[in-house]
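S.K.: Once you've had a glance at the structure underneath, I'll fire off some questions.
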Amino acid sequence: MDHANHTRLDDTEYTDAVLTGATIYGPDDSNIGHVAHVHGTGPDAQVVIEVGGFLGIGSKAVAVPVRQLDFMRDEDGTVHAVSTWTKDQLKEMPEHHD
């Protein structure tokens, strides 16, 4: 996917309502997870990503700072993010528990 023409989100859009459900793509553009929910708002928010599994079974939740992901909208307005982490790197992070 070519992200060059996608519109980056601004800090005011880093909310649970906007980011929940967004697909997270790894550095090779593979789908590595999705945003389960968000803690906080704005640039200091934490994004909880569900990684791995199938239909929610066997997945792992990890929390990362929203600033460490590149959130954007594609031509259809769908929010997604690009990460420098691979799926395996996210799976190695400590599990997040609410």
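S.K.: Could you grab me the full set of residues in region 40-98 that are of a type in the set (A, V, I, L, M, F, W, C), more than 18 Å from residue 20 (Cβ to Cβ) and surrounded by fewer than 18 Cβ atoms within 10 Å (Cβ to Cβ)?
M.R.: Residues satisfying the conditions are 54, 57, 93.
S.K.: Hey, can you tell me all the residues within region 16-39 that are over 17 Å from residue 85 (Cβ atoms) and modelled with pLDDT under 95?
M.R.: Initially, region 16-39 is screened for residues over 17 Å from residue 85 (Cβ atoms), giving 16-18, 20-21, 37-39.
Listed by number, the list is empty, since nothing qualifies.
S.K.: Also, quick follow-up: In the set 16, 2, 10, which member is within 13 Å of the chain's Cα centre (by Cα) and among the charged types (D, E, K, R)?
M.R.: Working: 2 fails: within 13 Å of the chain's Cα centre (by Cα); 10 fails: within 13 Å of the chain's Cα centre (by Cα).
16 is the lone residue from the list that is within 13 Å of the chain's Cα centre (by Cα) and among the charged types (D, E, K, R).
S.K.: With a cut-off of at least 1 residues that are of a type in the set (D, E, K, R), name the strands (runs of 3 or more DSSP E) lying wholly within the chain. Don't jump to the end; show me each part of the working.
M.R.: On the way: elements: 23-25, 31-39, 46-51, 60-65, 70-73, 79-82.
Because the criterion is at least 1 residues that are of a type in the set (D, E, K, R), the strands (runs of 3 or more DSSP E) in the chain that meet it are 46-51, 60-65, 70-73.
The values are calculated or read from the model by the stated rules, or taken from the named source; none is laboratory data. Remember, it's a predicted structure, so these values are computed and weren't measured experimentally. Every residue, glycine as well, gets a Cβ built from its backbone with ideal geometry; the counts of neighbours run over all protein chains shown.
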